[in-house]
Amino acid sequence: MKRTTLTQFLIEQQRKEQALPAQLRLLIEIVARACKAISHTVNKGALGGYLGSLGTENVQGEVQKKLDVLANEILIEANEWGGHLAAMASEEMDTIHRIPNRYPKGEYLLVYDPIDGSSNIDVDLSVGTIFSVLHAPEDSSGRDVREEDFLQPGTRQVAAGYAIYGPQTLLVLSVGTGVFEFTLDREMGSWVMSDERLTVPEGQKEFAINMSNYRHWAPPMRRYVDECLAGKNGPRGVNFNMRWTGSMVADIHRILKRGGVFMYPWDDRKPDMPGKLRLMYEANPMGYLMEQAGGMAVAGHERILDVAPSKLHQRVSVIMGSRDEVEVIAAYHRDAASSQQTA
Ligand code: P6P
């Protein structure tokens with residue numbers, strides 16, 4: 001069967017859908033090529049000497065794995081010369097990385113998590129790279145890009161995607177015309193389309209959350225999970241299943257393919273923080289993909305893509321997946337918010 005490669009797909013998007021300016025097409029090709037290099041490194045594991053930690057911490061205060069830093073460097077080296085970017089930002093860098101003056105600057109901003117779920121690397125569980133693409137502000141062309149140029153709501157994304165390094169290496173991508181999946185053909189070294197116009201199935205009863213945090217959640221979150229656990233004898237009248245991989249990319253990919261809901265909500269361990277996951281390079285790109293696939297993504301009851309960022313590494317509560325289940329959870333959060341107001 002003739003398969004469509006990523007390059008053919010991107011050219012068709014450029015021709016048919018006018019969804020893809022040349023610089024954005026180049027950006028995606030380059031990120032996809034960098035993800036091939038990251039996949040090669042991840043798959044080497046101990047044989048490449050890339051497992052384990054560096055003993056350093058990133059801006060999040062998290063221990064950096066060797067692969068976190070290496071993947072970040074691969075993405076910088078792959079992207080900074082191409083003339084498609086004005087700047088880059090990453091979970092692994094305190095602030096933005098401007099394109100060096102020796103290279104031409106482009107009109108896009110790339111923000112990414114080079115290896116999400118890196119704690120899984122040493123135990124051979126799936127990890128991934130998550131990326132989001134924004135336009136650099138019009139007025140930034142004549143000046144140095146600033147951090148606040150990145151602080152755009154998720155609705156302004158022009159493309160987003162992830163690579164998942166698992167039993168297969170996949171690239172899942174949207175440029176605003178639906179979600180498409182490509183599988184890395186290692187012999188040919190090319191990305192080959194393996195699924196198109198993904199849609200998040202509804203009516204699926206599988207939830208993903210770290211249950212060990214149960215006692216720390218807000219009441220609407222506990223209400224939803226209690227009802228899932230009550231199963232067919234409870235108010236939902238049906239049994240649920242649970243999955244939690246500790247790797248957002250793996251959980252989100254499963255939900256994009258077979259439905260369900262992913263939750264990392266606010267909890268009282270750090271009450272001043274809205275959640276654990278980062279808005280700019282985890283929640284926004286994954287929320288964009290979920291919506292492009294007919295799913296839904298909220299922070300409590302607010303649409304994640306409407307959240308106005310105030311800091312590059314800000315965190316957010318994340319609930320996303322099948323529209324029917326996310327709507328139930330959002331309704332419980334609205335009920336709780338309105339009863340608080342009337343109390
Ligand atoms: P916990 C990985 O560190 C990550 O950022 C996401 O990929 C994942 O969903 C979550 O954190 C796991 O968090 O608290 O269950 O270890």
What is the distance in Å between the Cα centres of region 25-90 and region 170-197? 20
Neighbour cut-off at most 12 other Cβ (10 Å), DSSP loop, trypsin sites (Lys or Arg not before Pro), region 232-304: R269
Could you tally the net charge around G128, taking each other residue with its Cβ under 11 Å from the Cβ of G128, Lys/Arg +1 and Asp/Glu -1? -4
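If contacts are Cα pairs under 8 angstrom and at least 6 residues apart, what is the relative contact order of region 206-342 in percent? Intermediate results must be reported in sequence, preceding the final value.
On the way: 221 pairs, mean separation 36.6, N = 137.
Computed over region 206-342, the figure is 27 percent.
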If the cut-off is 26 Å between C-alpha atoms, which lysines fall inside it for K205, apart from same-chain ones fewer than 8 positions away? K232, K257, K276
About the Cα centre, charge dipole magnitude for region 6-195 (Lys/Arg +1, Asp/Glu -1 at Cβ), debye: 540
I want to check the label-to-label distance for N210 and K257. Put each point 7 Å from Cα in the C-beta direction and report it in nm to one decimal. 2.4
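Output the antiparallel fraction of DSSP beta bridges having both residues in the chain, as a percent to the nearest 5. Working shown, then result.
Working: 46 of 55 bridges.
Of the beta bridges lying entirely in the chain, close to 85 percent run antiparallel.
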By the scheme Lys and Arg +1, Asp and Glu -1, what is the net charge of all other residues having a beta-carbon under 15 Å from that of D324? -2
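Subtract the Cα-Cα distance of R334 and D144 from 0.36 nm times their separation in residues, and report this length gain in nm to one decimal.
Numbers: separation 190, 0.36 × 190 = 68.40 nm, distance 4.17 nm.
Gain on extension, R334 to D144, equals 64.2 nm.
Can you check what the net charge comes to around S212, using other residues whose Cβ is under 12 Å from the Cβ of S212 (Lys, Arg +1; Asp, Glu -1)? Please list the in-between numbers first.
Values: positive: R215, R269; negative: D267.
After counting each charged neighbour, the total is +1.
What does DSSP give for region 6-195 in terms of the percent of beta bridges that are antiparallel, rounded to the nearest 5?
On the way: 33 of 38 bridges.
About 85 percent, rounded to the nearest 5.
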Estimated distance in nm for a label pair at R102 and K44, the labels positioned 7 Å out from Cα along Cα-to-Cβ: 2.4
Share of accessible surface on carbon and sulfur in the chain, whole %, 1.4 Å probe and ligands ignored, is 49
Enumerate the lysines that K66 could reach by cross-link, defined here as Cα to Cα under 18 Å, with residues fewer than 8 away along the same chain left out. K36, K44
Residues of region 107-149 with amide N under 19 Å of the 7 Å Cα→Cβ point at Q60: 110-133
Can you figure out the FRET efficiency of M188 with T155, using R₀ = 25 Å and their beta-carbon distance, to the nearest 0.05? 0.10
Return the ratio Rg/(2.2 N^0.38 Å) for region 6-195, where Rg is computed over Cα atoms only. 1.01
T4-M242 pseudo-label distance in nm [points 7 Å out on the Cα-to-Cβ vector]: 4.0
With Cα atoms, 0 to 90° folded angle of helix 323-342 axis to the chain main axis: 60
So which aspartates and glutamates pass the test for K2, namely a Cα distance under 20 Å, with those fewer than 8 places away in the same chain ruled out? E12, E181, D185, E187, D195, E196
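Pairs of alpha-carbon atoms within less than 8 angstrom and 6+ residues apart define the contacts here; what relative contact order does the chain have, in percent?
The value is 15 percent.
The values are calculated or read from the model by the stated rules, or taken from the named source; none is laboratory data. Note that the structure is predicted; figures quoted are calculated from it, not measured. Glycine also receives a Cβ, built like all others from the backbone with ideal geometry; neighbour counts cover every protein chain displayed. In case anyone asks, the SASA skips ligands and DNA or RNA and just uses the protein heavy atoms, side chains included. Shrake-Rupley method; radii C 1.70, N 1.55, O 1.52, S 1.80 Å.
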